[in-house]
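Asker: Following this message is one structure expressed as structure tokens.
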Amino acid sequence: MNMQYRILFSFKKYIFTSNSDRVNFTETDMYYSIIRKFFLTLCFFILSILLCSADVLKRSKSEPNFLIFIADDAGMDFGCYGNSFIRTPNIDKLAESGLLFENTFLTSPQCSPSRISILSGQFPHTTRTEDLHTPVPAGVDFITTYLRAEGYFTGSNGKTHWGPNGDRQFDWYNSTFDTFQDFLKASKGKPFFFWTGFYDPHRDYDPGIIGNPHNPDSVIVPHHLVDDGRTRKDIAMYYDEIARLDSIVGTYMDILHKEKLLDDTYIIFLSDNGAPFPREKGTLYDTGIRTPFIISGPDVPEGEIYDGLMSIIDLVPTILDIAEIEIPENMPGMSITPLLLGDLIISPEFVYSERNWHDCDEHMRSIRTDQYKLILNAYTEKPHGTAADLANSPSWYSLLDSKHENKLNEEQSLIFTVPRPSVELYNLRTDPEEYQNLAFDPAYRQIAQYLLEELQNWMDETDDFPSSYRTRRDHTDRITGIRYYFDVPDLENELPEKDSIP
């Protein structure tokens, strides 16, 4: 196994989860964190020695299969995540048969940057695929490249959004969702990796896509949206799309069972970004970067919940570790295989995310702990760049109408704030919706400074760039949401040689 060696390599980024009752992160807590890191370094050293000899990571099959379901713009609206009004029986059943992660976060709240990051195990700015519609460049390897080298048969269907160099890293592709059995037949008994890229619940929405539509009166309306009939109907149709997605998950599970492959397959469900509503998708609030994340498979505890922090950057190292393939040293994540076997509880101290061009240009970076979120904004003189598909939605029109009539409440008005604060800080225990910015509260100054320093360290370590470089023009009006330019604007202010970057 590679995992025990990766522990020492990654100790700076990972600590054991502590279910502390502390509410305020004080200067004493910062000293405690430093001491804890030193102590855990020693613990990890001892643990790595034990793991080298312990027989705790046995698997039922040395070359298991992997089936990945990735939703397109799904938030946390699933029965297994507490939404009792939405109908997702198959995904709920998957959670019952595996491990459900409560606090997993994406590296980007945007479609293609997120997907490329998930498959490459790298942050979007590191691969220079931070902007929407940017294809993966040559030389950036997906996990499929590593698996293929070890005899795996790889395939995908549905939405890809990674470009020709990504396509070449799969053996098989089909645009429709009724061809999973064709893929299995083409695999000819080889271990497989299959990526199902749903189009649901991405906009636009059509009525009547399922036989029993959700009732608009029963949907959950967040405080930052207007609670009116137009918004409720919009959310209900979003629920319908998730229900359609859920039915396909059930079909694939039935196929695995019929083909006697279920017991040898790791099944993973997640989303590429948050729900397609204002102040959700495209933001670095939890509504934009928190993802459902479920893993079921050989030896995975059934019906268990893990509530520690996790970054999706760990998915590629985890799959490689399960397949007993060496994890490249340049990957910033690490394997969470022990969690899948119920052995060790390891959690990152910080998770990081970024938002860049998506119809409107942005350079936003965030760092999150189990208690605090800090967001660093550039281009503060402009309103937040809401994605064009959201700005053409009934929910957005309700916000605009209420804005024109001066009827917005404080939470609903936040998306229109201009100038924006350069720094946002939220206490997630007292303000989980991230409505109260504490960045300029003197009582939180030390916390903000500490997180800013950690965020800057991450940006330096992962080859990030200043906000004045790699810019693009907007092609969507930030207030009305009207798209006035349909092509992706050219990249401007390309990076100079590294030695000359300020």
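The values are calculated or read from the model by the stated rules, or taken from the named source; none is laboratory data. Everything quoted here is computed from the prediction, not taken from an experiment. Every residue, glycine among them, receives a Cβ derived from its backbone with ideal geometry; neighbour counts consider all protein chains shown. The protein model used for the area step is the full one, side chains on, heavy atoms only, and it has no ligands, DNA or RNA in it. Shrake-Rupley method; radii C 1.70, N 1.55, O 1.52, S 1.80 Å.
Asker: Scan region 74-111 for residues that are open to solvent by 40 Å² or more (accessible area, probe 1.4 Å), assigned to a loop (DSSP other than H, G, I, E, B) and over 20 Å from Met310 (Cβ atoms) and report the count.
Answerer: Residues in region 74-111 being open to solvent by 40 Å² or more (accessible area, probe 1.4 Å), assigned to a loop (DSSP other than H, G, I, E, B) and over 20 Å from Met310 (Cβ atoms): 3 in total.
Asker: Identify the single condition in (1) aliphatic (A, V, I, L, M); (2) touching a strand residue (DSSP E or B) at 6+ places or on another chain (Cβ under 6 Å); (3) surrounded by fewer than 16 Cβ atoms within 10 Å (Cβ to Cβ) that Leu147 does not satisfy, given that it satisfies every other one.
Answerer: Among (1) aliphatic (A, V, I, L, M); (2) touching a strand residue (DSSP E or B) at 6+ places or on another chain (Cβ under 6 Å); (3) surrounded by fewer than 16 Cβ atoms within 10 Å (Cβ to Cβ), Leu147 violates only (3).
Asker: Look through region 315-361, keep the residues that are of a type in the set (Val, Ile, Thr) and open to solvent by 10 Å² or more (accessible area, probe 1.4 Å), and return whichever of them is farthest from Pro135 (Cα to Cα).
Answerer: Ile345
Asker: Scan region 206-218 and report the pairs whose first residue is in contact (Cβ under 8 Å) with a residue 24 or more places away in the chain and whose second residue is of a type in the set (D, E, K, R) and surrounded by 10 or more Cβ atoms within 10 Å (Cβ to Cβ), with Cβ atoms within less than 7 Å and a gap of 6+ or a chain change.
Answerer: Taking only residues 6 or more apart or on different chains, the pairs are Ile209/Asp240; Ile209/Glu241; Ile209/Arg244; Ile210/Asp240; Ile210/Arg244; Pro213/Asp240; His214/Asp240.
Asker: Is at least one residue of region 125-136 at pLDDT 95 or above and in contact with a Cys (Cβ under 9 Å, 6 or more places away or on another chain)?
Answerer: Yes, because at least one residue in region 125-136 is at pLDDT 95 or above and in contact with a Cys (Cβ under 9 Å, 6 or more places away or on another chain).
Asker: Anything in region 219-239 that is without any contact (Cβ under 8 Å) to a residue 40 or more places away in the chain and open to solvent by 10 Å² or more (accessible area, probe 1.4 Å)? List them, or say none.
Answerer: If the condition is that a residue be without any contact (Cβ under 8 Å) to a residue 40 or more places away in the chain and open to solvent by 10 Å² or more (accessible area, probe 1.4 Å), then Val221, Asp227, Gly229, Arg232, Met237 are the ones that fit.
Asker: Provide a single number: the residues in region 435-465 that are outside any helix (DSSP H, G or I), open to solvent by 30 Å² or more (accessible area, probe 1.4 Å) and of a type outside the set (A, V, I, L, M, F, W, C).
Answerer: 4
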